[in-house]
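The values are calculated or read from the model by the stated rules, or taken from the named source; none is laboratory data. This one's a predicted model, so the numbers in the text were calculated from it and none came from an experiment. FYI the Cβ positions are ideal-geometry reconstructions off the backbone, even for glycines, and counts take in every protein chain you see.
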Amino acid sequence: TLIPAGGSVVLDVYGDVLTNSNAGTYNPTRLTGAVGFGASTNASQTVSGTPVTGQNITIAAGGTLTVTMDASTPPVQQVVLGATDVPLATVRFAASNDEDIRINSLEMFASSSANVFGNLRLFDSGNAVVGTGTALTASTSGAISGFVSNFSFGTALIVPKNTTRTFTLKGDAADYSSVPAGHAKAHTFRIHGALDVEAYGNASNQASTVSGLNTALAANTQTTLRTKMTAALALMGSTTHTRSASDDVALLTLSVDPAFGAEFASVSFTLSGSAASNSAGTIDLIDYDTGTSSANTTLSGSTSYTAKLVLGTPYLITAGTSKKYKVRLNTASAEDTANSTDSLSLQIATAGAFEWLLQGGSDENLYLQAKDVPLTVDVSYN
């Protein structure tokens, strides 16, 4: 380096902070001497003022990374075997204001069979794949049950300081033919503890404190099935009805996934409102195609009760098709309050209020998805 006569130069010294260095304040550089020669004379020069201690450098702690399950994480739901790109969990990572935090690796655990979900990938909020997990294998830790997948990121995940990032775990469900035992299995994906998240301050290389994982952080349960049935309940006619012995109040539409057929067994309707008071009333499930009654029962006469309609023989709905039923009430004797409008609410209130079977009836009763209920129709009578 050439130093002009009467001038000076500044030498900057750079280095990398080693991972897991101890936090604290240090003097990492110290000039103890130098060798110099005159640019013209080539005569040796005397260096004075040494030793010189460099600037103090503070290595900060690696900040705190708070891990939570995001509100957008998939709800409790049913997944048909063979489905791909199934959202399984959405995890939120929040960095403290100390510095950006770098996530080097992550472990995710599944509560159920290793061979049902595969091709596990982690997606960022822009739906780009940021990591691929190893195949689920049985946990070797006696304290942790279930199956584990390891994510090591070729490009580390950076959470900028004082901000949050969310990542969604997705996977593919094996088809029924390859894993028949996957039918009616519940799967919960989770992060067990702070040791499952390897994170460092991006500048300091200090290990970050991972919080929010004093107990396992679990996503909502996903249940794999050979097929599934969904239901829709729609108002028939206008919202104002006339009391009659054949009052078609609602249209019930049942749809079955293309994977396999299903059989409709029963449905329970909760009735409420002043017009539900109907001591001489009945409720019928009318086949939309044939006009015949598939199931019926009498009403209780009170203003809030549940009426269960059970088909004598469960009705088979073939794979990929749907079936419609009219919900018909005898409202001729329904409550008629003078100078007032009487209301009636018809509802499938819970997932368990609807029962179905696999085609062939060889399985226990299955139910609607919890996220799909309640299903409600409201009408009034003048």
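Give me the pairs: first residue in region 53-82 and assigned to a strand (DSSP E or B) and at pLDDT below 95, second residue aromatic (Phe, Trp, Tyr) and surrounded by fewer than 17 Cβ atoms within 10 Å (Cβ to Cβ), beta-carbon distance under 9 Å, and six or more apart or on different chains, which are they?
Cβ pairs passing all conditions: 57/26; 58/26; 59/26.
Any residue in region 288-298 that is aliphatic (A, V, I, L, M), out of contact with any helix residue (DSSP H, G or I) (no Cβ under 6 Å at 6 or more places or on another chain) and modelled with pLDDT of 95 or more?
Yes.
Within the group 191, 158, 144, which residue is among the β-branched types (Val, Ile, Thr) and crowded, with 18+ Cβ neighbours inside 10 Å?
None of the others qualify; the one that does is 191.
Given the criterion more than 14 Å from residue 115 (Cα to Cα) and among the small types (Gly, Ala, Ser), identify the matching residue among 145, 149, 178.
145
Quick test of your reading of the structure: residue 186 fulfils all but one of (1) under 20 Å from residue 170 (Cβ atoms); (2) crowded, with 16+ Cβ neighbours inside 10 Å. Name the failing condition by number.
The failed condition is (2).
Are any residues in region 258-271 buried (at least 20 other Cβ atoms within 10 Å of the Cβ) and under 17 Å from residue 83 (Cβ atoms), and if so, which ones?
The answer is 260, 262.
Condition check ((1) under 18 Å from residue 85 (Cα atoms); (2) not in a helix (DSSP H, G or I)) across all residues:
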{"residue": "181", "(1), (2)": "no, no"}
{"residue": "200", "(1), (2)": "no, yes"}
{"residue": "215", "(1), (2)": "no, yes"}
{"residue": "224", "(1), (2)": "yes, yes"}
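How many residues does region 70-89 hold that are closer than 17 Å to residue 163 by Cα and buried (at least 21 other Cβ atoms within 10 Å of the Cβ)?
So the count comes out to 0.
Restricting region 228-242 to residues that are farther than 20 Å from residue 352 by Cα and either β-branched (Val, Ile, Thr) or in contact with a strand residue (DSSP E or B) (Cβ under 8 Å, 6 or more places away or on another chain) (or both), which is modelled with the lowest pLDDT?
242
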